[in-house]
Structures are given as structure tokens and as C-alpha cells.
Amino acid sequence: MSVADQSMYAENLADFESKLQRLFEEWKTRPLSVPENQFPADLLKALHAIGAFDALFSAEENGLGLCQTPTGGLTLLTLLRRTGSLNLALGRCLEGHVNVVRLVELYGTTSQRHALKLRLKEGSLAGIWVTDGNPAVTIVREGPSYRLSGIKGFASGIKQVSLALITATSEHGDAVMALVPTTRSERQRPGPGTLTGMQASGTGGYDFTGLQLSPEDLLGSAGDYLRQPEFSAGAWRGSAVALGGIDRLVDLLRQELLARGRTDNPHQLARIGEALILQKTASMWVKEAAQAAYSTHMKSEDVTSIVNLARLAVERAALDLITLVQRSLGVSAFIKGNAVEQVMRDLATYLRQPAPDEALTEAASWFVHHDWPKAVP
């Protein structure tokens, strides 16, 4: 990239960050979605209007490289964090959308990357649906094409997602990635039940049985979805969304104590201080994880271990913060429908990511034998 191109890129990135900040300032004073299971379509449209979805793509696709470059990655952190603060359910769906763009950038062909940009240019939402329902999704070859069978469960944004990146098990037992349209309502299935939180994300199931795919719909090679470090490193984006939930909860706690005239109470001040420490600790861990995920010099094990530790640090900070908020606000923090109560439920539900114990012990096993890597070579 020439000096002139670098200057233009920096200017465009700064312009986007300013638009994002203005959107955040405008929306953060608005109430949460009512009813709470209502998908935040207006906020989704607002993000699209400022170019948030176009910004994810590479410069070659007229984007800002948020999924490709270290500088863009830090802006992506802000985008996910701000969205999570405004609405955790949309943050979850946006994180899935970003994951799709990232995987296509990594494993897709030039034509697939361009086709994805065209399919999503109107603000359509992409989803990554990898959790199998009953029966699991399989793929078999039929002449020049492929046929899917089975159901995906725990599919976020089931009514909003128009294109899903899914995994399917081949006849040889390999995990194969495919990009599949998901616009047929008759294929939608009920979700696992009513979740305690994150209801606005619209989790459901989708039946892919009988769908025909062309070779161009398959992404990468068999096994790419589980390839490290990307498989584990992508978790930093979920941590960024959760960090936004932490931000929102700290703000709500401060506002409630100010409204009650309780900010001179030493015990409440102590809790506010502890909450700020938790918030800043989580923030530093997420930034460290984002930088590791975009690193070009770290070993794969360094990247995955740092991201896994960050994920657990954010989880611990959030759970400790929830306890602080409950102690500070008392029974009012448990009144269903209050902003504080809803954010706590959404955040607690969002934090339930798979295999936390395994993530901790694998990271510890690596760093007990290796020094922490340098930030730069």
C-alpha cells in the first residue's frame, strides 16, 4: 500500500469510527427493546447505514479491512463492543456475521469473497450455524452437485439471517463448510426452548434436508473450520461483545445509584470502584486477545492460549460484576423487565460458551512451558 493509500485508509477508518461513536451516543440513551424478545431491526439498519457491514471487507472489496488487518481489528473491537453495549442479542448476531466474513476471507476463493460482498450489500445478515440438531447435518455427493440432510439447532437470528455458513459431515467423517441460503420459512424449526436471556437473538433450528449445493457453495477444504489458530482465536470477538455488556451494566449501576442519591455511601463507592476495575481488566484482556488474533509472528499455540485466557478473564469479570450489581441494588435488580435485570440475564446467558475448563487447562499447559510472547517481533 502506497503512502497516499495508507493516508486515505487512515482517513476513511477515522471517519467510520466517528460515525460509530455518534451512533453509539445517540442510541445508548434509548430503552432496551420491548418486548425483550423483539429483534433490534432498527439498530441493525442504523449500523448498516453508517457502513459497518461494508467496512468488514477488504480494501479490494471497497471495505476497511476490519477482518484482515491489525489496525482494522482494533476498530472491529470497538464496533463489537459498542454493539454489545447497546444490545447483546444484536452483538451476538453481528459477531456471527463477522465470523462468516472472516472465514470466507481466509478460506474462500476470490470469486467467493466477491460473491459474498454482493449477497450482503443490502444489509442482509449472515449467520454461522455449526451446532447440530437431531439429526445432524450431513453432505453427500450426487454427480456434479451435493445434497444436504439434517438440522442445525441453536441458530441465532433464525428469522433475520438470509445466508448461513454451516458445517456438514461428509461421507468420510470430515467437517465441510458450506454457504447456504436460509430464506425459506417452512424450513425453520423451534429452538431448544425459551432461553433465560438473549431472547431477542431469535435462536431456532433450520432443516437443510434435501437442499442441493454446487461445488462453488463449498468453502475451503475439509477440516478447515477446525483449523488452528483461527478456530480458537475467533473467540476474541465474542469477548468483545460481552465487554460491551459489562460496559452497559456498569453504566446502569452508576445511573441507578445517582438516581437514588447513594453515591456518597462508602460501601457503594467501594462497589463502584471494584466494578470499574473489573471493566478495565476485561477491556485490557480483550485488546490483548484481538492483537494476538491478528498477529503474524506469534505461534499458533500462543494465539489460542492468549485468546482462551482472555475469554475466561472476561467471563470472570462479568460474573463478578453481576454479583456486585445485585448487592448494590438489592431486590430491584431482580425485577423482571428492568434494564439492569435484563442486561444481567442476557450477559449471563451469552457467557455460556463451550468447554471453559478445557480452554483454561490447555492455555495453562502451554504457558507453563513457554514464556508470554512479545507484542511485536
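The values are calculated or read from the model by the stated rules, or taken from the named source; none is laboratory data. The shown structure was predicted, so the numbers you read here are calculated from the model rather than taken from an experiment. Cβ placement follows ideal geometry from the backbone for every residue including glycine, while neighbour counts extend to all protein chains displayed. Ligands, DNA and RNA are stripped out before the accessible areas are found, and what is left, the full protein with its side chains, is counted by its heavy atoms. Shrake-Rupley method; radii C 1.70, N 1.55, O 1.52, S 1.80 Å.
Straight-line cross-link reach from Lys374 at under 30 Å between alpha-carbon atoms covers these lysines, not counting any fewer than eight positions away in the same chain: Lys280, Lys287, Lys299.
Calculated mean residue ellipticity at 222 nm for the chain: -17500 deg cm²/dmol, from DSSP H runs with n ≥ 4 weighted as -39500 (n - 2.57), summed, divided by the residue count and rounded to 500.
Starting from the Cα of Lys45, draw a straight line to each of the lysines and keep only those under 26 Å, dropping any in the same chain fewer than 8 residues away. Partners within reach: Lys19, Lys28, Lys117, Lys121, Lys159. The mean accessible area for residues of the chain, using a 1.4 Å probe and ignoring ligands and nucleic acids, is 47 Å² per residue. Give me the percent of accessible area attributable to carbon and sulfur for region 94-217, probe 1.4 angstrom. Carbon and sulfur: 51 percent of the exposed surface of region 94-217. Peptide packing for 69-75, 294-300 was compared via the average number of neighbouring C-beta atoms within 10 Å per residue; ordered from the highest value, the list is 69-75, 294-300.
In this structure Phe154 has an accessible area near 110 Å², from a 1.4 Å probe over the protein heavy atoms. Taking every alpha-carbon pair under 8 Å whose residues sit at least 6 apart, region 115-246 reaches a relative contact order of 26 percent. For region 229-377, relative contact order (Cα pairs under 8 Å, six or more residues apart, normalised by length) works out to 34 percent. The angle between the Cα long axis of helix 88-107 and the main principal axis of the chain comes to about 40°, on a 0 to 90 degree scale. Each of Pro181, Thr83, Gly72 was placed along the dipole of the chain (beta-carbon charges, centred on the mean Cα), and the one lying farthest toward the positive end is Thr83. Which of rounded, prolate, oblate describes region 221-342, given a ≥ b ≥ c as roots of the alpha-carbon gyration tensor eigenvalues and a/c under 1.5 marking rounded, otherwise prolate only if a/b is larger than b/c? It comes out prolate by the Cα gyration axes.
Solvent-accessible surface of protein heavy atoms, probed at 1.4 angstrom with all chains present, puts Arg248, Arg141, Arg30, Arg271 in the order Arg141, Arg30, Arg271, Arg248, largest first.
Taking every alpha-carbon pair under 8 Å whose residues sit at least 6 apart, the chain reaches a relative contact order of 16 percent. Within the shell of other residues whose beta carbon sits under 12 angstrom from the beta carbon of Arg237, the net charge comes to +2, with Lys and Arg scored +1 and Asp and Glu -1.
The charge dipole of region 302-377, taken about its Cα centre with unit charges on the Cβ atoms of Lys, Arg (+1), Asp and Glu (-1) only, comes to about 340 debye.
Annotation: peptides 236-242, 22-28, ranked by per-residue average of other Cβ atoms within 10 Å with the highest first, follow the order 236-242, 22-28. Which of rounded, prolate, oblate describes the chain, given a ≥ b ≥ c as roots of the alpha-carbon gyration tensor eigenvalues and a/c under 1.5 marking rounded, otherwise prolate only if a/b is larger than b/c? Taking the square roots of the gyration eigenvalues as a ≥ b ≥ c, the chain is prolate. Relative to the Cα centre, the charge distribution of the chain, modelled as +1 at Lys and Arg Cβ and -1 at Asp and Glu Cβ, gives a dipole magnitude of about 940 debye. Between the alpha-carbon centres of region 150-203 and region 78-107 there is a gap of 16 Å.
Can you give the angle from 0 to 90° between the axis of helix 339-350 and the longest principal axis of the chain, with both taken from C-alpha atoms, to the nearest 10? Rounded to the nearest ten degrees, it is 40.
Highest average first, the peptides 86-92, 334-340 ordered by how many other beta carbon atoms sit within 10 Å of their residues are 86-92, 334-340. For Gly65, nonlocal amide neighbours, meaning residues 5 or more places apart or on other chains whose placed amide H falls under 5 Å from its own, are Phe57, Ser58, Ala59. Please label the shape of region 85-203 as rounded, prolate or oblate, based on the square roots a ≥ b ≥ c of the eigenvalues of the alpha-carbon gyration tensor (a/c under 1.5 means rounded; beyond that, a/b larger than b/c means prolate, else oblate). The shape class here is oblate.
With a Förster radius of 25 Å applied to the C-beta separation of His297 and Asp5, the computed FRET efficiency comes to 0.60. Between 0 and 90 degrees, rounded to the nearest ten: what's the tilt of helix 3-27 against the longest Cα principal axis of the chain? It works out to around 60 degrees. Largest mean-square fluctuation among Ala233, Ala355, Ala289, in a Gaussian network model of the chain whose springs join Cα atoms under 10 Å apart, belongs to Ala355.
A full extension of the chain between Arg327 and Lys374 corresponds to an added length of 13.0 nm, given 0.36 nm per residue minus the alpha carbon distance.
Of the listed residues Thr169, Thr196, the order by accessible area with a 1.4 Å probe, largest first, is Thr196, Thr169.
The residues packed around Lys152, meaning those with a beta-carbon under 14 Å from its beta-carbon, carry a net charge of +1 if Lys and Arg are +1 and Asp and Glu are -1.
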